[in-house]
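Okay, structure first, notes after.
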Amino acid sequence: NNGKINLSFSLTNVNLIVLIEDNGIGRKKAEELKKQRKGNTHQSKAQSIIDLRMHMFEEYHGKKFVYKINDIVNNKNQAQGTIVELMIPNDLEE
């Protein structure tokens, strides 16, 4: 309910920085809920797929691609969402 995703872009001398922010329950709570579900045999491959894609970009372009995933927490250390930061070199050639 009331889910939101915010995208923002900024450019430095070195990178295009993409921030993807949501107001979900956070990764820790999502993992807890997943463990509570009976019969859940789903194995998430999202992280390994992201890692593989970043490696492929690096191999192809010869540049370092970086991403960070962090939970957003309030002053009571309660999850209030997730933020992903992508740092893409801005001097890529085709």
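Provide a single number: the residues in region 1-18 that are within 16 Å of the chain's Cα centre (by Cα) and either closer than 21 Å to Gln78 by Cβ or open to solvent by 100 Å² or more (accessible area, probe 1.4 Å) (or both).
Looking only at that region, the number is 5.
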Is it fair to say Arg27 is at pLDDT below 95, open to solvent by 100 Å² or more (accessible area, probe 1.4 Å) and under 12 Å from Val84 (Cβ atoms)? yes
Based on this model, can you work out whether Asp22 counts as surrounded by 14 or more Cβ atoms within 10 Å (Cβ to Cβ), touching a helix residue (DSSP H, G or I) at 6+ places or on another chain (Cβ under 7 Å) and touching a residue at least 24 places away in the same chain (Cβ under 8 Å)? no
Would you be able to tell me the number of residues in region 67-92 that are open to solvent by 50 Å² or more (accessible area, probe 1.4 Å) and of a type in the set (Val, Ile, Thr)? 1
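The values are calculated or read from the model by the stated rules, or taken from the named source; none is laboratory data. If you're wondering where the values come from, they're calculated on a predicted model, not measured in any experiment. Using ideal geometry, Cβ is built from the backbone for each residue, glycine included, and neighbour counts are taken over all protein chains shown. The protein model used for the area step is the full one, side chains on, heavy atoms only, and it has no ligands, DNA or RNA in it. Shrake-Rupley method; radii C 1.70, N 1.55, O 1.52, S 1.80 Å.
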